[in-house]
Amino acid sequence: MDIDDAKVDDYSSKQEENVVKVLDYEKNESEASHLNHTNNMLNDKKGDEIQAEYIDTSVSRTSFINKKDIKKERTKKRKINGLNIEGSNISELENDCKSDVFLNNMIKKPHINNFNNIKNENVVLYCICQKPDTGCWMIACDGCDNWYHGECVKIVEADEELLDKYFCDFCTKKGKGCTMWKRKCRLSSCRKPALVSSLPPSKYCSIEHGIEYFKERLCCSLLEKSEIAALARSVDSVEAFRCLGDTFPFIDDSVVNSESLSLLRLINFKREKIYERLKQIEIRTIYINFAKDRAKKINEEIRADGSKKEICALDYRLSWDEDEWNAWIVSDDGKKIFNDGKLEGYDMICITEKRKCFKHNNWVMIKIEEMELEDIICRETLKKLRRQEQKIYKRERKLKILDKENKCIAIT
């Protein structure tokens, strides 16, 4: 029995040693993979030292030992900060701490703006942004002689010649002066001042731009260039030329036949209606601007009382149909408003809170766009009527020429 018990004890001890070897091998494999991952991040001297330390540790742990020399040892425990930690885990803690310190040092710090941390007293700061001269275009204030970036004060370099005097916001509030602009050349693409001080004064920067301006106007005209030239030759003075268009031209009945004459009269009738409609559009657009200014003034008064809310302030007259609107325009109330040039009071407006009034949302922009669209439609209709009128006249001229040729042939 003693021999059997000894064999059993020997066999169990060998089994325990084999289990310990397997556990140590798996543990060494996991540590080796962790070391390989850490070694990829080590690029400087400090990383090389840690890498060498890890490699030495792994080599010492993964060295092969003869089976006869393997003995099961009891792990020693050490008390750290009140905790019992096994001796085999202490080296792992030290290595993990070293790798964490190294990884923290590898983290990039955020870039600091040099402009916000200028401590050198020799660097001069400009503009409201308090930055040094970056090489971009700058403008000097005529009140305080400080320099400002054009981008910061909303002035482009192309308008430099148009500036007569520039005062910054601080000098303007102090009453030193306000920014003054020179009169711009009428040509839309030109950013130079007009020659207003020349003799005679001019609305253009040069004679060439004056000619180019009128060429653009001719291209946008409803009439052909040849027709405008004929109209200019038909009058004797500038005043007579300006009066052209105030009355409709006389139609010579001897030039056209009865059918063409009725068509021309119908075209003139439609043209008169369109001109009347254009005048109504202009009047309604003016009234929309009156209503917009009143709404702005009312909301400013409300905010001055300490309230953060705004009202819709839509003028209900803008929703009237044409008959009701035209009748009100000629009334005493309508004439008084247009003579005064402004709207006052809370009469005929929507007092609903602006953010809750979904029915009249963005009413100013909608009303203005409606008038602009109708104006475009009317002008396009005028162009069509003008082309129809030209076709009729051309056809009648050709018929007259053919009649004369036929008469000449008959006589011969």
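The values are calculated or read from the model by the stated rules, or taken from the named source; none is laboratory data. Just so it is clear, the model here is predicted, and its values are computed rather than measured. Positions of Cβ are generated from backbone atoms using ideal geometry, with glycine treated the same way; all protein chains shown enter the neighbour counts.
The table below gives the values:
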read-out: Odd one out for F167, checked against (1) surrounded by fewer than 16 Cβ atoms within 10 Å (Cβ to Cβ); (2) over 30 Å from K384 (Cα atoms); (3) under 28 Å from the mean Cα position of the chain (by Cα); value: (1)
read-out: Selection status of V235, closer than 30 Å to E389 by Cβ, assigned to a loop (DSSP other than H, G, I, E, B) and β-branched (V, I, T); value: yes
read-out: Residues of the range 284-327 that turn out to be surrounded by fewer than 18 Cβ atoms within 10 Å (Cβ to Cβ), of a type in the set (G, A, S) and assigned to a helix (DSSP H, G or I), as a count; value: 3
read-out: Strands (runs of 3 or more DSSP E) (entirely within the range 136-177) containing at least 2 residues that are touching a His at 6+ places or on another chain (Cβ under 9 Å) and either within 22 Å of K192 (Cβ to Cβ) or not aliphatic (A, V, I, L, M) (or both); value: 138-140
read-out: Failed item in (1) closer than 30 Å to Y126 by Cβ; (2) modelled with pLDDT of 90 or more, with I211 passing the rest; value: (1)
read-out: Residue check, K336 more than 33 Å from the chain's Cα centre (by Cα) and in a helix (DSSP H, G or I); value: yes
read-out: Test: residue in the range 248-261 that is modelled with pLDDT of 80 or more, more than 29 Å from R183 (Cα to Cα) and not in a helix (DSSP H, G or I); value: no
